[in-house]
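Participant: First, the structure itself, so that you have it in front of you.
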Amino acid sequence: MEDALPSHMDAGPFLAAVRAVLPSLRACNPASVLQAVLTAARFGLVPDGRLAVITNEFGRATFIPTYRGYVEMWERSGRVASVRVGMVFEGDEYDYEPTAPPPLDFTHKQDPARKDRSRPLFAYAFAWKTDGHRSQVVTVNREEMERVRNEHSRAYQEAELTGSRDSTWHTDELAMWLKTAIRQLEKVVAVSAELRALGKVDEAGEDGRVQVLHAPDPEAAALQAEADRAGETAEGSQETAPAPIKRKRVQPRRTSRAARKGRAGRRSA
């Protein structure tokens, strides 16, 4: 686990979170527990319920990054300055005009004194880029959220069939709705190789497939990061063409007729 963790992370809090979650995974296949924990370690997402969780999905341990985990990975990648994800509830003030220039295209105001937030309308996400500009806003309404859930979550389908209704989609629907929105952000903002890998791991977990195969290997991740930095440096060097070298034109020296006759006389002598 320590070898798999990113170099900037202290192993203590991560291992403490793993010890805390192990009792809930006693009924899981031991190999799946190892793979789920190793997958969390490779992404550096502590499975403490805030950035990620490891759950028992019908006898297999499954690593599930939360929407906060995605925000952490986005901001850690260095490709954006910050990411905002939120939910608009019935009664909120909002204005969405996609044709207007950012940040005038979307505004959202909530009344902090209002307690009734039982009717969500849609989730949204956007990113502030490192150059100070804001990305396009992506939105996910209930119909879109339910389509993603019904088509891609095996855990949800099995929980519905068995009547247990204990999948993450059942127990924390709003959080999964927010995660659906932030994953749509990949369509409008360039993502890092690590974020693409996190998406594949998340999809594998939803499908009940082995996740650790898609998680970045520490050495491969370091090489990929170095390649990304080299690519960005190369792109930056090509943004402005080098200034042309000013060459001084040399004019042939003109000589007088008398001087030419003098040189001709010296040659004949």
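The values are calculated or read from the model by the stated rules, or taken from the named source; none is laboratory data. Note that the coordinates shown come from a computational prediction; the quantities given were computed from them, not determined experimentally. Here the Cβ positions follow ideal geometry from the backbone for every residue, glycine too, while neighbour counts run over all protein chains shown. Side chains included, ligands, DNA and RNA excluded: accessible areas come from the protein's heavy atoms. Shrake-Rupley method; radii C 1.70, N 1.55, O 1.52, S 1.80 Å.
Participant: Name the pairs: first residue in region 81-103 and closer than 21 Å to ARG114 by Cβ and among the charged types (D, E, K, R), second residue in a loop (DSSP other than H, G, I, E, B) and open to solvent by 60 Å² or more (accessible area, probe 1.4 Å), Cβ to Cβ under 6 Å, at least 6 apart or on different chains?
Facilitator: Taking only residues 6 or more apart or on different chains, the pairs are GLU90/ARG119; ASP92/GLN110.
Participant: Which condition number does ASP172 fail, the rest of (1) closer than 25 Å to PHE43 by Cβ; (2) out of contact with any Ser or Thr (no Cβ under 9 Å at 6 or more places or on another chain); (3) among the acidic types (Asp, Glu) being met?
Facilitator: Every condition holds for ASP172 apart from (2).
A quick yes/no check of all residues on (1) at pLDDT below 95; (2) out of contact with any helix residue (DSSP H, G or I) (no Cβ under 9 Å at 6 or more places or on another chain):
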position: VAL18; (1), (2): no, no
position: PRO23; (1), (2): no, yes
position: ALA36; (1), (2): no, no
position: THR39; (1), (2): no, no
position: VAL46; (1), (2): no, no
position: PHE58; (1), (2): yes, no
position: ARG68; (1), (2): no, no
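Participant: Can you tell me which of (1) free of Cβ contacts under 8 Å to residues at least 60 places away in the same chain; (2) within 19 Å of LYS179 (Cβ to Cβ) is the one ARG26 doesn't meet?
Facilitator: Of everything listed in (1) free of Cβ contacts under 8 Å to residues at least 60 places away in the same chain; (2) within 19 Å of LYS179 (Cβ to Cβ), ARG26 misses just condition (2).
Participant: Still on this structure: Looking at SER167 and the list (1) at pLDDT 95 or above; (2) under 23 Å from ILE54 (Cα atoms), which single condition is not satisfied?
Facilitator: (1)
Participant: Considering GLU151, GLU206, which residue is in a helix (DSSP H, G or I), closer than 18 Å to ALA36 by Cβ and either open to solvent by 10 Å² or more (accessible area, probe 1.4 Å) or in contact (Cβ under 8 Å) with a residue 40 or more places away in the chain (or both)?
Facilitator: GLU206 is the lone residue from the list that is in a helix (DSSP H, G or I), closer than 18 Å to ALA36 by Cβ and either open to solvent by 10 Å² or more (accessible area, probe 1.4 Å) or in contact (Cβ under 8 Å) with a residue 40 or more places away in the chain (or both).
Participant: Check region 109-120 and report whether any residue there is surrounded by 14 or more Cβ atoms within 10 Å (Cβ to Cβ), in contact with a helix residue (DSSP H, G or I) (Cβ under 6 Å, 6 or more places away or on another chain) and closer than 30 Å to ASP207 by Cβ.
Facilitator: No - not one qualifying residue is present in region 109-120.
Participant: Find the residue count for region 67-99, including only residues that are open to solvent by less than 20 Å² (accessible area, probe 1.4 Å) and within 27 Å of ARG209 (Cα to Cα).
Facilitator: Residues flagged as open to solvent by less than 20 Å² (accessible area, probe 1.4 Å) and within 27 Å of ARG209 (Cα to Cα) within region 67-99 amount to 4.
Participant: Name the single residue that is least open to solvent (accessible area, probe 1.4 Å) among those in region 2-27 being of a type outside the set (A, V, I, L, M) and within 18 Å of ALA215 (Cβ to Cβ).
Facilitator: PHE14
Participant: May I pose another question? Just to be sure, is ALA52 modelled with pLDDT of 95 or more, closer than 24 Å to GLN157 by Cα and within 24 Å of the chain's Cα centre (by Cα)?
Facilitator: For ALA52, the condition - modelled with pLDDT of 95 or more, closer than 24 Å to GLN157 by Cα and within 24 Å of the chain's Cα centre (by Cα) - is met.
Participant: Of everything in region 174-203, what is among the β-branched types (Val, Ile, Thr), over 26 Å from GLN157 (Cβ atoms) and either in contact (Cβ under 8 Å) with a residue 60 or more places away in the chain or part of a helix (DSSP H, G or I) (or both)? Give them in sequence order.
Facilitator: VAL189, VAL191
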